[in-house]
Amino acid sequence: MKLLHLYHDLMNLYGDYANVAAVKRILEKSGAEVTVDRLSLGDSADFSAYDFIFIGSGTEKNLRVALNDLRRYADELKSCVDSGKVILFTGNSFEALGKTLTDAHGGTVDGLGLFGFESAEQNKTRVTGDVIFSCSFLDRPLVGFVNKCSEIKGVENSLFTVKMGTGDFDGAAVEGVRKNNFFGTHLTGPVLIKNPHFLAYLAEIILGRQPETAYLTYERAGFEVTLGELEKRMNESK
């Protein structure tokens, strides 16, 4: 199986490289032979050759650099999303796939237009904090951390429901975007390390069968401790 970590050097805040390492490990534990290609600006990639594609979070400046390079893949990326290839964009990277991106000074650039939402940086303080999200396809919530300066509006197919913390914009009850097997979320942490059940869900789609998860003992324990502490904080704030 082949994994693509795109813009590994440019979009790699918050230890996001660990998401790819986690996918590689669970696939190997499940009996697959796995290779990882780490490509960046100017490199050539055939998206159809990969079983999993990942882009992590970067600075606002680096996001725009990555967006300009990603434009050459727009049609290919759309085909991958439409065909159901497993793709994960974390942090601000998925903002590149919307209709427009507006910076804090009011300058607007076109996104790739794979989705109809619009993102806009606000020039107030950054939005940071721990979060708890839930979703329809997992029986346990997700935990993580959000650090962003953007607000997103116009998402038609949200990924998560907000239980604690911030969503797409101030007061939003939803976060992220999903279409087929494309998952875009501001959750960092890294998200697949903090949420082994989400990792197992993606691996099952990639493999087409149940993955091996018995080895995830410490990851599950860490998730339960984190969830318990965040739920305690949430309940105390009510």
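The values are calculated or read from the model by the stated rules, or taken from the named source; none is laboratory data. As the structure is a computational prediction, the values presented were derived from the model and not from experiment. Positions of Cβ are backbone-derived with ideal geometry, glycine not excepted, and every protein chain shown enters the neighbour counts. With ligands, DNA and RNA removed, areas are computed over all heavy atoms of the protein, side chains included. Shrake-Rupley method; radii C 1.70, N 1.55, O 1.52, S 1.80 Å.
Structure notes:
- Figure legend. Inter-residue proximity from the stretch 104-125: first residues touching a residue at least 40 places away in the same chain (Cβ under 8 Å), second residues surrounded by 20 or more Cβ atoms within 10 Å (Cβ to Cβ) and polar (S, T, N, Q), beta-carbon distance below 8 Å, spacing 6+ or different chains. Indicated pairs: GLY111/SER119; GLU121/SER150.
- Of all residues making up the stretch 124-173, the number that are under 23 Å from GLY15 (Cβ atoms), open to solvent by less than 30 Å² (accessible area, probe 1.4 Å), in a loop (DSSP other than H, G, I, E, B) and of a type in the set (D, E, K, R): 0
- Taken over the stretch 40-73, the criterion of being over 30 Å from VAL127 (Cα atoms) and among the aliphatic types (A, V, I, L, M) is satisfied by ALA45, ALA49.
- Residue match in the stretch 220-238 (condition: more than 21 Å from the chain's Cα centre (by Cα) and among the β-branched types (Val, Ile, Thr)): yes
- Residue match in the stretch 15-26 (condition: without any contact (Cβ under 8 Å) to a residue 40 or more places away in the chain, assigned to a strand (DSSP E or B), aliphatic (A, V, I, L, M) and out of contact with any Lys or Arg (no Cβ under 9 Å at 6 or more places or on another chain)): no
- Of the criteria (1) open to solvent by 40 Å² or more (accessible area, probe 1.4 Å); (2) under 24 Å from VAL174 (Cβ atoms); (3) not in a loop (DSSP other than H, G, I, E, B), which one ARG71 fails: (2)
- Single residue of the stretch 48-68 satisfying the filter (aliphatic (A, V, I, L, M) and open to solvent by 20 Å² or more (accessible area, probe 1.4 Å)) that is farthest from TYR7 (Cα to Cα): ALA49
- Within the stretch 78-114, if we keep just the residues that are among the hydrophobic types (A, V, I, L, M, F, W, C) and surrounded by fewer than 14 Cβ atoms within 10 Å (Cβ to Cβ), the residue that is modelled with the highest pLDDT turns out to be VAL109.
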